[in-house]
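Report on the structure given below.
Every number here is computed from the coordinates shown, using simple stated rules; none is lab data. Keep in mind that this is a model prediction, so the values were computed, not measured. Positions of Cβ are backbone-derived with ideal geometry, glycine not excepted, and every protein chain shown enters the neighbour counts.
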Ligand code: N2P
C-alpha cells in the first residue's frame, strides 16, 4: 500500500511545489514571528551524556498504547508527553520559545514556517539509522517544503474531510438524497438545516477550514486576497446557526457516542471513532468521506526545537518510531497512514485495504496539498474565523 502511495504522492509534487514555495517567501513577518536563522553550528548534536528525560508535544490520540512504555523500557528514558489540537496552538508556543519540548509534531507546512523562523534544529541522520525505512516518494514530497529532508520526519499523514454517522445522516435527511458534492453537508444550508438535528461540528482551526472553504467558493486555496476570505466567511455564516460546536480532538468521542452526526474533521479520527464506538458497544456507523471536491492533506512531522535540552534523546525517539513495527503500531492503533515502507507488512490488512486511510491514486490527486499563506493573510484568516465562530 505504501508503494502505491509512493507513486501518487509524487503526483502531488508540482502543485505542491508551487503552492508551498510561493507561499513560503514571507516578506512581512512581524518581529515576534521571526527568529534568527539556524546556523550550520546548530546541525550537530554533541555527544554529551543527557539526563534520561524526553519531553514530547504531539497531537492528541496519535499513539499506540505501548509506544511510549516500550521506548521507556528500551532506553531507560522517561517521557513527559503533552498534547495539542491545532497547529495554531503549537506554533504560538514555538514562537514564544523555551517550550521545554525536545520533540514537537507540526504539520509539514507549519514545520516549514518554523524552519524559516530558526525555531527548529537540523536532524543528525547519523543518529537515525532507521531513516532507511522511509518511503523515498514521501521523502521527495516532504523535500518540497524541507529541502534535503533536513528538519522534518513524517509521523503519520491523512486529510481533513467530511465525516458522517451514516444512519443518523440518512434519518435526518429523510427523502433528500445525499448531495453530489458531499461538502454540501457542512456548507449548504439546505442540508445543514436538516442535519443540525443530529449535530454538526467543525474543526477549531482556521488553517484547516479556509483552504477547503475557499475551494468550495471557487477561490485559490491559499489565496492572499482578503476579499476571497470574506467571501468564504459569508458562505460559512449561512450555516453558522446550524453548527453545534467547534472542536478538534473532541470529535472522536462526540462521533463515537453519537453526539454529532456530521463533522469537518480528520479522516483518521473518523475511522478511530468508528472503532471506538465498536469497542464501546455503541456501534455507530461512522464513515470518513472521500469527497469529489477533495479534502485538505496534512503530513504531521517530528521535529526538534532549536532550544531542545535533550536532542540526543530526541534522535533516539525518532529512530525508535521509524522501526517498522513501531511505526506500523501507530497506524494500527489510530488508522492514520504512515510513511514507512518497511512498516507496510506489519499494518493490519483491514487498515491497509481501507480506501479512506490509504487513498486511491485519483483521490490523492484531488487533495489540497500542504501549503502556506503570508502572515498578513493569516491574521485576516484568524480574525474572520473568530467572527465566524462567534457568529457576528
Ligand atoms: C490526531 C490527529 C491529528 C491530525 N488525532 C491533524 N494534523
Problem - Separation of alpha-carbon centers, the range 285-314 and the range 43-121, rounded to whole Å - result: 12
Fill in the blank from the handout: Over all directions, the chain yields a Cα convex hull whose mean projected area in nm² is 18.1
Problem - the range 173-331 - Rg and Dmax from Cα coordinates, angstrom - result: 18.7, 60
Practice task
Note down the relative contact order for the chain as a percent, whole number, built from C-alpha pairs under 8 angstrom at least six residues apart.
Solution key: 30
Problem - With Cα atoms, 0 to 90° folded angle of helix 324-334 axis to the chain main axis - result: 30
Completion exercise
Under the helix-only model (-39500 (n - 2.57) for each DSSP H run of 4 or more, divided by the residues of the chain), the mean residue ellipticity at 222 nm, to 500 deg cm²/dmol, is -12000 deg cm²/dmol
Exercise for the section: Classify the range 291-364 as rounded, prolate or oblate from the Cα gyration tensor: take a ≥ b ≥ c as the square roots of its eigenvalues, call it rounded if a/c is under 1.5, otherwise prolate when a/b beats b/c and oblate if not. Expected result: oblate
Fill in the blank from the handout: Taking a ≥ b ≥ c as the square roots of the Cα gyration tensor eigenvalues, with a/c under 1.5 meaning rounded and otherwise prolate when a/b beats b/c or oblate if not, the range 145-257 comes out oblate
Problem - Ranking of 83, 262, 380 by count of other Cβ atoms within 10 Å, fewest first - result: 83, 380, 262
Practice task
Ratio to report: Rg/Rh of the range 66-135, with Cα atoms as the point set and Rh obtained by the Kirkwood method; give two decimals.
Solution key: 0.99
Completion exercise
The exposure ranking of 198, 261, fewest beta-carbon neighbours within 10 Å first, is 198, 261
Handout entry: Peptides ranked, highest mean first, by Cβ atoms within 10 Å: ranges 270-283, 132-145
Key = 132-145, 270-283
Handout entry: Between helix 206-216 and the chain: long-axis angle, C-alpha atoms, 0 to 90°, nearest 10
Key = 50
Problem - Whether the range 256-386 is rounded, prolate or oblate, judged on the alpha carbon gyration tensor where a/c under 1.5 counts as rounded - result: oblate
Problem - Highest average packing first - 59-66, 332-339, 177-184, Cβ atoms within 10 Å - result: 332-339, 59-66, 177-184
Handout entry: Cα centroid separation - the range 335-388 against the range 195-226, whole Å
Key = 15
Problem - Rounded tilt (10° steps) of 13-24 against the dominant C-alpha axis of the chain - result: 80
Completion exercise
From fewest to most C-beta neighbours within 10 Å, the residues 110, 266, 157 line up as 157, 110, 266
